[in-house]
Amino acid sequence: MKRPEPAPSTVLRIKVIPRSSCNQLAGIENGMVKIKLTAPPVDGKANKALCSFLADLFGKPQKAVTILNGKKGRLKTIQITELNAEKADQIIKEHISEDF
């Protein structure tokens with residue numbers, strides 16, 4: 001019996017800027033996606049806000065977004081399941097060009 005193929009996933013490097021005036025993509029810097037969040041970096045609030053923001057951005061449930069690395073810092077490695085890298089790049093580029 002064949003095993004089902006695993007769902008595609010994408011890993012993103014993110015730089016979070018907490019306590020910003022609004023939640024938005026702020027561009028690309030050194031190969032990392034910059035994201036501004038209104039949430040403070042206290043008690044995991046910025047991490048929760050980041051996961052929610054990314055889930056909404058990519059049209060995925062929040063459980064599809066996982067912080068692999070960087071839970072205590074501004075630089076994070078995020079995995080998004082059921083999303084391929086090409087689609088992620090396309091969505092990021094569309095939203096960055098809309099904001100700027």
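The values are calculated or read from the model by the stated rules, or taken from the named source; none is laboratory data. Model, not experiment: these values are computed from the prediction. Cβ atoms come from the backbone with ideal geometry, glycine included; neighbour counts cover every protein chain shown. Remember, those area values only see protein heavy atoms, side chains included, never the ligands or the DNA or RNA. Shrake-Rupley method; radii C 1.70, N 1.55, O 1.52, S 1.80 Å.
So that you can scan it fast, the table gives a plain yes or no per residue for (1) under 19 Å from residue 72 (Cβ atoms); (2) open to solvent by less than 30 Å² (accessible area, probe 1.4 Å); (3) among the basic types (Lys, Arg); (4) part of a strand (DSSP E or B):
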residue: 16; (1), (2), (3), (4): yes, yes, no, yes
residue: 19; (1), (2), (3), (4): yes, no, yes, no
residue: 25; (1), (2), (3), (4): no, yes, no, yes
residue: 49; (1), (2), (3), (4): yes, yes, no, no
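Take the conditions at pLDDT 95 or above and touching a Pro at 6+ places or on another chain (Cβ under 9 Å) and apply them to residue 81. Does it pass? Step through it out loud before you land on a result.
On the way: at pLDDT 95 or above: yes; touching a Pro at 6+ places or on another chain (Cβ under 9 Å): yes.
Taking the combined requirement at face value, the residue satisfies it.
Which condition number does residue 33 fail, the rest of (1) more than 21 Å from residue 89 (Cα to Cα); (2) among the β-branched types (Val, Ile, Thr); (3) surrounded by 12 or more Cβ atoms within 10 Å (Cβ to Cβ) being met?
It fails just one condition, (1).
Only one of 60, 71, 93 is free of Cβ contacts under 8 Å to residues at least 24 places away in the same chain and either assigned to a helix (DSSP H, G or I) or open to solvent by 90 Å² or more (accessible area, probe 1.4 Å) (or both). Can you tell me which?
On the way: 60 fails: either assigned to a helix (DSSP H, G or I) or open to solvent by 90 Å² or more (accessible area, probe 1.4 Å) (or both); 71 fails: free of Cβ contacts under 8 Å to residues at least 24 places away in the same chain.
Only one candidate qualifies: 93.
The conditions are (1) outside any helix (DSSP H, G or I); (2) farther than 12 Å from residue 14 by Cβ; (3) open to solvent by less than 80 Å² (accessible area, probe 1.4 Å), and residue 78 fails exactly one of them. Which is it?
(2)
So how many residues does segment 1-14 have that are surrounded by 12 or more Cβ atoms within 10 Å (Cβ to Cβ) and among the small types (Gly, Ala, Ser)?
So the first thing to find is which residues in segment 1-14 are surrounded by 12 or more Cβ atoms within 10 Å (Cβ to Cβ), and the list is 8-14.
Subsequent filtering for residues that are among the small types (Gly, Ala, Ser) retains 9.
Selection size over segment 1-14: 1.
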